[in-house]
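Contents: one structure, followed by commentary.
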Amino acid sequence: MEHFLERVMFASRWIMAPFYFGLIASLLLLLVKFAQELMHLAPNIMTMSESDAILGMLSLIDMSLAGNLLLIVIFSGYENFVSKIHVGDHEDKPDWMGKVDFSGLKLKLIASIVAISGIQLLKQFMNVHNVAKEDLMWLVIVHITFVISGVMLAVMDYITVKAHKLGGKH
């Protein structure tokens, strides 16, 4: 009975696979929004002010960072929780693929969130005359919260690694 339960629990990891396929679908949806923004930006570039052009490009960067974040979660999550992705020695295989553990995934995730938050904040600073001071204050608070969270995660991982190394020496 115990062996059967353990096999069922181990097989239950496949329940996560549809989540990752859903994230792939959301990556396609993000591509649609990226194309929409690009199609809006390109024909109007000659008549746009410099700040409007920069804001449009920051939006494109923001979406590409979100896409990168999705890929990291899709690849790392699938490999850490479901199954290895077998692509052999394909020349396009990202160097980090298969090497990002859950701890690394957390750090990459928070770093991407901080970058996205920073771009959102920069976009608001570029348009500071049209942004309520209270809204700007909250954006700064949220961004600082993300930065502090990232630093705390990194410190906790550092402490955990040091504790394992010290524990292994005894």
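The values are calculated or read from the model by the stated rules, or taken from the named source; none is laboratory data. Keep in mind that this is a model prediction, so the values were computed, not measured. In this analysis, Cβ positions are derived from the backbone assuming ideal geometry, glycine residues included, and neighbour counts consider all displayed protein chains.
Do the conditions hold for V142, that is, is it more than 26 Å from E50 (Cα to Cα) and at pLDDT 85 or above? When the stated conditions are applied, V142 passes them. Of the residues that make up region 39-46, is at least one under 30 Å from V155 (Cα atoms), among the aliphatic types (A, V, I, L, M) and part of a helix (DSSP H, G or I)? Checking region 39-46: not a single residue is under 30 Å from V155 (Cα atoms), among the aliphatic types (A, V, I, L, M) and part of a helix (DSSP H, G or I). Within region 111-139, being more than 15 Å from the chain's Cα centre (by Cα) and either in contact (Cβ under 8 Å) with a residue 24 or more places away in the chain or surrounded by 14 or more Cβ atoms within 10 Å (Cβ to Cβ) (or both) holds for L121, L122, K123, Q124, M126, N127, V131, L136, L139. The residues listed here are E91, E79; of these, the one that is surrounded by 15 or more Cβ atoms within 10 Å (Cβ to Cβ) and either out of contact with any Leu (no Cβ under 9 Å at 6 or more places or on another chain) or not in a helix (DSSP H, G or I) (or both) is E79.
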